[in-house]
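Down below is the structure, laid out as structure tokens.
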Ligand SMILES: [Zn+2]
């Protein structure tokens with residue numbers, strides 16, 4: 001029974017419920033990336049759908065840009081009330097615009113919890129990579145926590161993408177990426193490759209303008225619509241979710257456009273076939289396996305919790321490296337509570 005000694009993180013205070021719940025020694029609960037308002041302090045790491053609330057909490061700890069993006073994506077939710085609390089220090093997460101990790105300090109015991117949310121350790125475009133802080137407890141995303149997911153250097157991936165965009169200049173291209181994140185990087189790469197026009201869907205244009213208001217970046221993209229005639233040299237950036245919609249097939253039929261997909265999953269050839277892409281690139285907003293291991297080593301925690309993706313596999317790998325490590329599972333009581 002280690003739970004009674006609050007000075008040493010026991011593992012009993014971190015749970016996956018609706019979001020990740022961390023209970024501090026005075027019973028204050030921090031809920032990270034929950035869908036409903038619960039707990040004493042709400043933390044929102046970034047504005048991706050799988051981290052975002054359904055009902056806005058009364059107040060939330062997040063960056064100003066994440067709040068603006070969340071408001072744009074959850075229009076019905078109204079304005080978000082942001083707060084800062086002494087327990088939480090926000091750290092640049094490097095994942096997407098506005099994303100933050102949380103370094104949470106228990107005011108009574110001094111125990112520090114690092115909740116990463118989604119991260120990337122790579123400096124790229126307008127993002128500064130996540131710099132892991134030292135902490136006693138690490139709660140880390142493990143989207144690509146399996147050894148086969150090792151990505152090329154960022155400059156190499158970007159050069160491959162711009163090279164392909166240059167080679168295919170005699171055709172229009174459809175580039176698929178998440179509306180927040182990949183979509184903006186694809187616009188910048190298409191511009192860098194000298195594509196004549198960069199066009200985006202309405203959803204991406206909305207995200208673009210929020211980011212442009214907060215960061216020193218301009219996407220210079222045109223809104224596409226049903227009346228847009230796609231020509232050779234054009235690049236149309238679309239949300240990943242639209243890939244299997246009928247309008248995409250008719251664009252390809254009419255214009256001979258090529259389709260490209262961008263994701264860390266592109267390491268696996270099934271990604272290309274499933275998406276029926278002409279080309280795929282492992283452009284990711286997450287750490288690869290080696291980068292994840294480096295994050296854990298830098299934080300040097302007493303215990304690691306893994307979640308998302310290869311959570312079990314990565315936890316087992318860390319155990320092999322000598323770390324106390326567990327995959328977070330919904331509604332599972334930590335072993336230490338028994
Ligand atoms: Zn994300």
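We did not get these values from a lab; they are worked out from the coordinates using the rules stated. No experiment lies behind these values; they were computed from the predicted model shown. As a convention, Cβ positions derive from the backbone with ideal geometry for all residues, glycine included, and neighbour counts pool all protein chains shown.
Results, tabulated for the structure shown:
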quantity: Single condition residue 67 does not satisfy, out of (1) within 17 Å of residue 308 (Cα to Cα); (2) more than 15 Å from the ligand (Cβ to nearest atom); calculated: (1)
quantity: Qualifying positions in region 63-78 - touching a strand residue (DSSP E or B) at 6+ places or on another chain (Cβ under 9 Å) and not in a helix (DSSP H, G or I); calculated: 63
quantity: Selection within region 85-124 - in contact (Cβ under 8 Å) with a residue 60 or more places away in the chain, closer than 28 Å to residue 157 by Cβ and more than 16 Å from the ligand (Cβ to nearest atom); calculated: 114
quantity: Single condition residue 184 does not satisfy, out of (1) over 30 Å from residue 33 (Cα atoms); (2) buried (at least 18 other Cβ atoms within 10 Å of the Cβ); (3) touching a helix residue (DSSP H, G or I) at 6+ places or on another chain (Cβ under 9 Å); calculated: (1)
quantity: Answer residue from region 244-263, given it is touching a residue at least 40 places away in the same chain (Cβ under 8 Å) and more than 18 Å from residue 164 (Cβ to Cβ) and is farthest from the chain's Cα centre (by Cα) among those; calculated: 251
quantity: Output for region 152-183, where each listed residue is in a loop (DSSP other than H, G, I, E, B) and away from the ligand (no atom under 16 Å from the Cβ); calculated: 152, 153, 168, 169, 170, 171, 172
quantity: Within region 25-62, tally of residues that are over 19 Å from residue 90 (Cα atoms), within 16 Å of the ligand (Cβ to nearest atom) and out of contact with any strand residue (DSSP E or B) (no Cβ under 9 Å at 6 or more places or on another chain); calculated: 2
quantity: Unique match (being assigned to a loop (DSSP other than H, G, I, E, B) and surrounded by fewer than 22 Cβ atoms within 10 Å (Cβ to Cβ)) among 117, 49; calculated: 49
quantity: Those residues of region 70-84 which are in contact (Cβ under 8 Å) with a residue 12 or more places away in the chain and either within 14 Å of the ligand (Cβ to nearest atom) or surrounded by fewer than 17 Cβ atoms within 10 Å (Cβ to Cβ) (or both), in sequence order; calculated: 70, 72, 73, 77, 78, 81, 82, 83, 84
quantity: Residue in region 215-235 that is within 16 Å of the ligand (Cβ to nearest atom) and buried (at least 18 other Cβ atoms within 10 Å of the Cβ) present; calculated: no
quantity: Check on residue 138, away from the ligand (no atom under 15 Å from the Cβ), assigned to a strand (DSSP E or B) and surrounded by fewer than 23 Cβ atoms within 10 Å (Cβ to Cβ); calculated: no
